[in-house]
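What follows draws every value from the coordinates through simple rules; no lab data is involved. What you see is a predicted model; the values in this text were computed from it and never measured. FYI the Cβ positions are ideal-geometry reconstructions off the backbone, even for glycines, and counts take in every protein chain you see.
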Amino acid sequence: MDKQQQYKRVFGNIDKNGDGKISPPELQICIGKTGGELTLEEAEMAAVLMDSDGDGLLSMEDLVKVMESANEEETINDLKRAYKMYGETEGSGCITPKSLRRMLSKLGESKTVDDCKMMIAKFDVNGDGVLSFDEFREMMA
């Protein structure tokens, strides 16, 4: 099942009356079923924030945008945690050849500092010999 089919399935489960839109009460029920708590007023505010056509209801496209945005944010947070693990051994706030070698060693990969310099050089856009978070994110894409 591809993402679009998954989104349609989720949308169909939330859109109880089948009108092709998710109303604030439907959103409130959905959040409640997933263990969250949302007042009707909060559901109405959420619908207004996520609604792209101003009718106070969420379309399939609105739901997809919200879900993809949440997925992207989660991915960035995961990358930040990984980046911190690789770079924290030096305390420099970036991934250096030495910090990369240490982390790879912890993962069971034996590399020399020169190997790590070459690995970093492939993604080191500004040529400073280390990986910034943006360079690391590009490498992981």
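A few comments on the model shown:
- Shape call, segment 3-73: gyration tensor on alpha carbons, a/c limit 1.5: rounded
- Degrees between helix 3-14 axis and first principal axis of the chain (Cα, 0 to 90, nearest 10): 40 degrees
- Angle between the chain longest axis and helix 97-106 axis [Cα atoms, degrees, rounded to 10]: 70 degrees
- Our note on the geometry: Cα centres of segment 2-32 and segment 94-125, 46 Å apart.
- Candidates LEU57, LEU107, LEU27: whichever shows maximal mean-square fluctuation once the chain is modelled as a Gaussian network with Cα springs under 10 Å: LEU107
- Principal-axis tilt of helix 60-87 within the chain, Cα atoms, nearest 10 degrees: 20 degrees
- Taking 25 Å as the limit for the C-alpha separation, the pairs LYS80/LYS106; LYS3/LYS106; LYS21/LYS65; LYS98/LYS122; LYS84/LYS106; LYS16/LYS65 exceed it in the case of LYS3/LYS106.
- The calculated 222 nm mean residue ellipticity attributable to helices in the chain amounts to -19500 deg cm²/dmol, summing -39500 (n - 2.57) over DSSP H runs of n ≥ 4 and dividing by all residues.
- Neighbour-limited loop hits for GluC sites (Glu not before Pro), segment 24-78 (at most 15 other Cβ within 10 Å; DSSP other than H, G, I, E, B): GLU37
- Length-normalised contact order for the chain - Cα pairs under 8 Å, 6+ apart - percent: 14 percent
- Gain in span if fully extended, ARG81 to ASP55, counting 0.36 nm per residue against the direct Cα distance: 5.5 nm
- Restriction of the GluC sites (Glu not before Pro) in segment 75-141 to DSSP coil positions whose beta-carbon has at most 14 other beta-carbons within 10 angstrom yields GLU88, GLU109.
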